[in-house]
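Quick notes on the structure that follows.
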Amino acid sequence: MTTSSSERGVSLGMPELPAPAYPDDVRARLEADAREVIARYPDSRSALLPLLHLVQAEEGHVTRTGMRFCADMLDLTTAEVTAVATFYTMYRRKPSGDYQVGVCTNTLCAVMGGDAIFETLQEHLGVGNGETTDDGKVTLEHIECNAACDYAPVVMVNWEFFDNQTPTSAKHLVDDLRAGRPVQPTRGARMCTFKETARILAGFPDERPGAVEEGGSAGPASLVGLRLARGEAAPARVVHPRGGPHEEQQDRVHEPSPAEHLSSHDAPQETSASDPAHPAGPTAEEGE
Ligand code: FES
């Protein structure tokens, strides 16, 4: 008699097939929701992304069962669904916390403090990248640019922005989330759990009283370019004080003088090309 690799405890890195189905009552409920989503699209396969959010709202991450459900509903193969689910980082592939705390460590946020925030949170929470706290509340991860560089460094919780963070404010943020205290993002409705967020992203209304009215929009710094393009006068320089009521030490808002505020647009920088000894830039020594 032969034994399978899984019976021998050997993983070949291949998915086990077939995935188990949802219990009948769960499937009936999800089917009704899925049909509502699919009806919004001229081509049913276009509903795959919201359906993946729907199954993520059910289990907190996209399981093989969820992918099989999506494939059944959209007449796709599980391979096609898997290819999409594994491409987008918004779909989680393993059980995670109620709050996905993402610290932007892309270049601008990193130099503005994102790296320090991430290190602080790892130590404060006792978890590494992609790991979840023992209470199941917070999953920490470092993330790429969130297109919110004008508010760097930013932290995202379940895709809501927390602008101009510091290590101290980030620690208070995760403490509040773990304690179940109400948390309001900088630009958006008050926080809800990852599963609740996933259902909203699947296209179902946010039914929390007042939540829609709390929804945020682009902040002033993000709209400066638009205002200039419309011919409006350049606004005063936007400087956001870091932290908030929790911040133990408020940073002073300092308007730098032109001499202090050097950037590539303000004044010539010391570069190799401006080195008087080498006006044309660095030159290679003969033989190098
Ligand atoms: S680098 Fe962090 S939002 Fe762009």
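Bear in mind that the values in this text are calculations on the coordinates, not laboratory data. Note that the structure is a prediction, hence the values are computed from the model and not measured. Methodologically, a virtual Cβ is constructed for each residue, glycine included, from the backbone with ideal geometry; neighbour enumeration extends over all protein chains shown.
A few points about this structure:
- Ranked Phe204, Phe118, criterion: other C-beta atoms within 10 Å, fewest first: Phe204, Phe118
- Against the rule of thumb 2.2 N^0.38 Å, how large the Cα Rg of segment 24-85 comes out: 0.98
- Bridge type composition, segment 59-208 - antiparallel percent by DSSP, nearest 5: 55 percent
- Among Ala57, Ile38, Ala85 the positive-end extreme of the charge dipole of segment 24-85 (Cβ point charges): Ala85
- Cross-link partners of Lys171 among lysines, defined as those whose alpha carbon lies under 18 angstrom from its own and excluding same-chain residues fewer than eight positions apart: Lys137.
- Rounded, prolate or oblate (a/c below 1.5 giving rounded, otherwise prolate when a/b exceeds b/c) for segment 85-140 by Cα gyration tensor: oblate
- Euclidean distance of C-alpha centroids, segment 148-217 and segment 64-84, integer Å: 30 Å
- For the Cα trace of segment 66-184, dividing Rg by the Kirkwood Rh returns an Rg/Rh value of 1.05.
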